[in-house]
Every structure is written in structure tokens, then in C-alpha cells.
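Down below is the structure, laid out as C-alpha cells.
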Amino acid sequence: MSHSWTEAELTKIGGAEELQISSNRRDGTARPCVTIWVVRADNQLYVRSAYGTDNPWFVRATASGRGRIRAGGIERDVAFESAAPDAHSAIDSAYHTKYDRYGPQIVGSVTGRAAAPNTIRLVPLTQN
């Protein structure tokens, strides 16, 4: 059963520079963590694959649908869901605000129309 993020979780995870993400294997065990960027848009948390939908961590996460994240001192089991079509503009804006200092080429890999299919919305599975 999914729940909502608390304001404290949104602030801590959304404010973290990086997030560690792990998808579950078929037997329920966790795969090794991958470190990626995370953004908060409205009251949701999102991650995007910088190298498209063929990136191995993204393929495993979307196939599994579940995993675990760790960022900002918080560790939670999550569902990996699609972002609403109307959320992508806010997600792009959040990436630009948070990560533009890394330069347009890097931020460009996770923003714009081409990045929309590479987006995962993180949904908490348990309420703390």
C-alpha cells in the first residue's frame, strides 16, 4: 500500500544532492545501489535516467516496480511509478534549479522532452 511523503521527508530527500536507489530482484532481495540525482516537484519526488530508458538501473527499476531509496538521512521502501504527463515541466524546472551549476550538457541529459520517458516517480510504500 502506498502512502504520501511527509513534508520533512520531501525536504530532506528533495534537498539531498544525490540519492541511492536499489530495485528489488524477483526474489525480493535488493540489488546494489546506484547513485543518481533526485528532485522534488510539488509534493512528489522524481528521478530520471541520464542515459535513457536503456540504462541498466532504469530497466531493472521499471521492470521490478519496487525498491529502496536512501537520501538525506532517510531510507524508505518505494514503488517506482510513472510521472503524470503534466508534471514534466515542473520536474525540468526542479532539475534546472537544483543542478544547473553542473553545466548545460549534464543537466540537459535529464531535462526536456527526451527525458520525460526516463522519469520515475518515487512513492513511499510504508508510512513512518
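None of the figures in this text is laboratory data; all of them are computed from the coordinates on show. This is a predicted model, so every value here is computed, not measured. For neighbour counting, all protein chains shown are included, and Cβ atoms are generated from backbone atoms with ideal geometry for every residue, glycine included.
Could you tell me whether THR53 is touching a residue at least 40 places away in the same chain (Cβ under 8 Å), more than 27 Å from GLU7 (Cβ to Cβ), in a loop (DSSP other than H, G, I, E, B) and within 14 Å of the chain's Cα centre (by Cα)? Let's see the steps before the verdict.
Details: touching a residue at least 40 places away in the same chain (Cβ under 8 Å): yes; more than 27 Å from GLU7 (Cβ to Cβ): yes; in a loop (DSSP other than H, G, I, E, B): yes; within 14 Å of the chain's Cα centre (by Cα): yes.
For THR53, the condition - touching a residue at least 40 places away in the same chain (Cβ under 8 Å), more than 27 Å from GLU7 (Cβ to Cβ), in a loop (DSSP other than H, G, I, E, B) and within 14 Å of the chain's Cα centre (by Cα) - is met.
Among the residues of region 81-124, count how many are buried (at least 17 other Cβ atoms within 10 Å of the Cβ), outside any loop (DSSP other than H, G, I, E, B) and of a type in the set (Ser, Thr, Tyr).
Residues in region 81-124 being buried (at least 17 other Cβ atoms within 10 Å of the Cβ), outside any loop (DSSP other than H, G, I, E, B) and of a type in the set (Ser, Thr, Tyr): 2 in total.
Of everything in region 89-117, what is touching a Ser or Thr at 6+ places or on another chain (Cβ under 7 Å), farther than 14 Å from ILE36 by Cα and of a type outside the set (Asp, Glu)? Give them in sequence order.
Kept after step one, since they are touching a Ser or Thr at 6+ places or on another chain (Cβ under 7 Å), are these residues of region 89-117: 91-92, 95-96, 117.
From the residues that got through so far, the ones that are farther than 14 Å from ILE36 by Cα too are 91-92, 96, 117.
Once the filter is applied, which keeps residues that are touching a Ser or Thr at 6+ places or on another chain (Cβ under 7 Å), farther than 14 Å from ILE36 by Cα and of a type outside the set (Asp, Glu), region 89-117 yields ILE91, HIS96, PRO117.
Would you please name the residue that is surrounded by the fewest Cβ atoms within 10 Å (Cβ to Cβ), looking only at residues in region 23-50 that are touching a residue at least 60 places away in the same chain (Cβ under 8 Å) and in a loop (DSSP other than H, G, I, E, B)?
Of everything passing the filter in region 23-50, ALA50 is surrounded by the fewest Cβ atoms within 10 Å (Cβ to Cβ).
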